[in-house]
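Below is one structure, written out as structure tokens, with a few remarks after it.
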Amino acid sequence: MRKKFHGLKKIKIRQSWNKINLYNIARSRPLSTGHLTFFQQKWAAKAAARAYHGEQIREKQWQRMFSRRLASVVPMDHRYLARFDGSEQAAGRGSGLDPKPDERVRPVARTPYMNMTFAPIERRLDTAIFRALFASSTRQARQMVVHGFVKVNGKKMIYPGYLLNPGDMFQVDPERVMFATGAEKDKTERRESRMLKRSKNSEAGEGEEAGEAAAESATPEQQKPSEQTPKEAKKMINDLMSQAKALLSGSKDQKVSAKRKQDIRAFQRTLKRTLSQSSSSVPTGLTDSLDAQLMELTSKLSISSDAEQPQTPEGSASSEGIFTPEDKAALREAMREMRENPIDPTKPYATPWRPRPFMSAFAFIPPFLEVNQNICSAVYLRHPVARPGFAEVPTPFSYEMSQLAFNWYLRRR
Amino acid sequence: MPPRIRKASLSCPLSHLPLSTRPQPSSLIPKYLSQHGACSRDFSTSLQRSTGLRRDMFRWLNGPGAVFRDPAEGSTNYLSAYDREGNLNRRKRSARSDDAEAENSSVQEVPEEELIDLKPFPMNRNFISHNVLSEELREEIYSRVVTLGRSVRVVSAELGIDMNRVGAVVRLKTIEKEWQKEGKTLAKPYARAVMEMVPKTPYNPNNPIPHESINDLPVHSATMQQIFEPTSESRRFTREDAAKVFHPKLLPADKRIPHPELIELERERLESVPREERINRQRERLAKEAQLATWRKEKKEEYERKHTKVIAPKAGRWEFRFTDVSVDAAGKDGRGPDGVGWRYGMPHEDRKRGQVKIPTSVPA
């Protein structure tokens, strides 16, 4: 790998979500060609373009991939095709009738063919993984492939240079994607996970007896069948609701502060306590589904509320639910978020998961890919094409610059 | 000679710091720069100086570029949506139009992004971030194709989504459902974060919003030339004639687009055929097409059955298939694509420079 991948002195735009790269894209200006010879212009354009498009590919390899035939499409309107048979375009003197003086004809946008210069590179597996937003740079995507975390059509593919065919599906291990696109752990989180690892190791060394004893001592307290007093139940519900609301309000801003982590942990604790409070023998671990858990929670709390009802008739809600629908929705949302995005120090990324900084400025998915983010899989639908006004190859360079690069590769030197 | 020890390494005095040419407010200086100052390590002899370029970068990242650190709430967050100072362009635009009209709308509300706000690369006018299918729309496609059993072609025309994409969505959704059934963990937080950062096509049940152009005509290389074709003035020179001029075998655009049946449907509508009749005819056409497809498939299978000899051993899990090949298929130079085996004396090319040595396809 290059020594200076992201530099400030000589601007090179790279396929990466790095903040230096973002700064470079934001401040880069079009190539000033006034003082350069044509050869120098082409050289400069090609050098800049190749630093972005497939910098991991050797120049000769790219020269073999380059094709001067650029794919394009014209979107057709079936209504127009049904109405006219094409003879109207040959009317008059042979190129269609002139528009009436008061009629304004919108010019058809030019097809930016030159922006398709590096289209063959978009076929590569590593580039496609980066374009599908599964990796934060093409280099990282390449590493994922080489390390065996990527499958093509269900089979392991270890070649980052594999050229995808239309209809190929590629899958990346979701854990690797979460690691690649998630925020880094900070100092304290790294320390936390290190301590956890160390304690686990020492536990394994000492034997499981101590651990078992600890578990024994912990369980009786938790499973003690306590008769809930109505006051306790009410307090518990209030706690749960306030914590759930705090959790949801905190989830909007992306920063995960220590306070928010405390909130999440407190909610988790209360939830656990509430679920294990009643004398029912069903262990909480068995009710895995969210709705089942919520149902259980509601039923337990409404039983206690029923007991409460005769004593304080004016304070209680209707018997069928102690939660209002909004409360229930909030609770469900909080539980779902906690379950899907838990705090887990064993993960290699910051938990709860959040996108890495400056990701949103780079987040786009080109139309030749269809991505399902839930399973971290995507289908390469077709080769990228140009259409009037737009080219599908994501390139940071202007039309003119791409044209110069195209011209460089047209010629054999 | 005794080792030379520089003065700086002994004490790390602050006077060795390069003078900052640009005075800047302390809030803009990144933390680690202000903390560490001259030497980051006590034993280091070199000065850790921050260059002007780095200072400029951090000034931008903490100033106008700070908006990109976290995703914008409920919208995309691309470079071209902001001006140099880091203000939203569309907010300024809407404020301007509000001034022209009236000042009754709230200031906090962020207007919808337009096409010019969707350019991730400010220098490239010809690339925008295209919409992706929203989760509801993907679910709807899956239910229409799998649950209701409609064909991909019909669903594509109904929702305005390319046929390839419809097929891909169904394929991916099927795997997602399988994973859910198996209890595998999905990358939900990642998916939710990404879907908030990209523009989406929502699902509107009553009036589906077309996602993309479904009738894209690929530009054929034969049509890339300009031809001067003299014909009589009285001749009705249609698309079909034009296609013939480009190449005798080139089909007209009406037949090369992915949804030619929509033209037929529109034509009947223009001829004011009653609605019921149109629907019936369309159904007939679709049935006919499906029939044709099955007939083709059967014929192909029959051909394969006829020309392959299958020997399936009772014990094994495999079967042996034999197909007839011709020696002449390799051609004169022994390198014909249909040739089988290696012709004696012909050197292999598979280790040559420039030959593709990795797999070129993975059968699905």
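Things worth noting here:
- Helices (runs of 4 or more DSSP H) wholly inside the range A:77-177 containing at least 2 residues that are touching a helix residue (DSSP H, G or I) at 6+ places or on another chain (Cβ under 6 Å) and more than 9 Å from chain B (Cβ to nearest Cβ): A:125-131, A:138-146
- For the range B:58-91, the candidate set comprises residues that are of a type in the set (A, V, I, L, M, F, W, C) and either touching a His at 6+ places or on another chain (Cβ under 9 Å) or open to solvent by less than 40 Å² (accessible area, probe 1.4 Å) (or both); within that set, the residue that is nearest to B:Glu113 (Cα to Cα) is B:Ala81.
- Subset tally (residues that are within 26 Å of B:Val154 (Cα to Cα) and either away from chain A (no Cβ under 11 Å) or exposed (fewer than 14 other Cβ atoms within 10 Å of the Cβ) (or both)) for the range B:203-252: 9
- Close pairs from the range A:370-393: first within 10 Å of A:Met169 (Cα to Cα), partner β-branched (Val, Ile, Thr), Cβ under 7 Å, at least 6 apart: A:Glu370/A:Val379; A:Glu370/B:Val169; A:Val371/A:Ile365; A:Ser377/B:Ile175; A:Ala378/A:Val371
Here is a yes/no grid of residues against (1) part of a loop (DSSP other than H, G, I, E, B); (2) open to solvent by less than 10 Å² (accessible area, probe 1.4 Å); (3) in contact with a Leu (Cβ under 7 Å, 6 or more places away or on another chain); (4) not small (Gly, Ala, Ser):
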position: A:Met335; (1), (2), (3), (4): no, yes, yes, yes
position: A:Ile343; (1), (2), (3), (4): yes, no, no, yes
position: A:Trp353; (1), (2), (3), (4): yes, no, no, yes
position: A:Pro357; (1), (2), (3), (4): yes, no, no, yes
position: A:Ala361; (1), (2), (3), (4): no, yes, yes, no
position: A:Pro394; (1), (2), (3), (4): yes, yes, no, yes
position: A:Trp408; (1), (2), (3), (4): no, no, no, yes
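Yes/no matrix, rows are residues, columns are (1) farther than 30 Å from A:Tyr159 by Cβ; (2) surrounded by 10 or more Cβ atoms within 10 Å (Cβ to Cβ); (3) under 38 Å from the mean Cα position of the chain (by Cα):
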| site | (1), (2), (3) |
| --- | --- |
| B:Glu298 | yes, yes, yes |
| B:Tyr303 | yes, yes, yes |
| B:His307 | yes, yes, no |
| B:Arg321 | no, yes, no |
| B:Asp324 | yes, no, no |
| B:Ala329 | no, yes, no |
| B:Asp333 | no, no, no |
| B:Gly339 | no, yes, yes |
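- Residue within the range B:183-198 that is among the β-branched types (Val, Ile, Thr) and open to solvent by 90 Å² or more (accessible area, probe 1.4 Å) present: yes
- Spans of helices (runs of 4 or more DSSP H) in the range A:13-72 with at least 1 residues away from chain B (no Cβ under 14 Å) and under 30 Å from B:Ala81 (Cβ atoms): A:38-52
- Exactly one residue among B:Glu268, B:Glu264 is within 13 Å of another protein chain (Cβ to nearest Cβ), touching a residue at least 12 places away in the same chain (Cβ under 8 Å) and over 33 Å from the mean Cα position of the chain (by Cα), and that residue is B:Glu268.
The values are calculated or read from the model by the stated rules, or taken from the named source; none is laboratory data. A quick note: this is a predicted structure, and the numbers were derived from the prediction, not measured. Cβ atoms come from the backbone with ideal geometry, glycine included; neighbour counts cover every protein chain shown. Remember, those area values only see protein heavy atoms, side chains included, never the ligands or the DNA or RNA. Shrake-Rupley method; radii C 1.70, N 1.55, O 1.52, S 1.80 Å.
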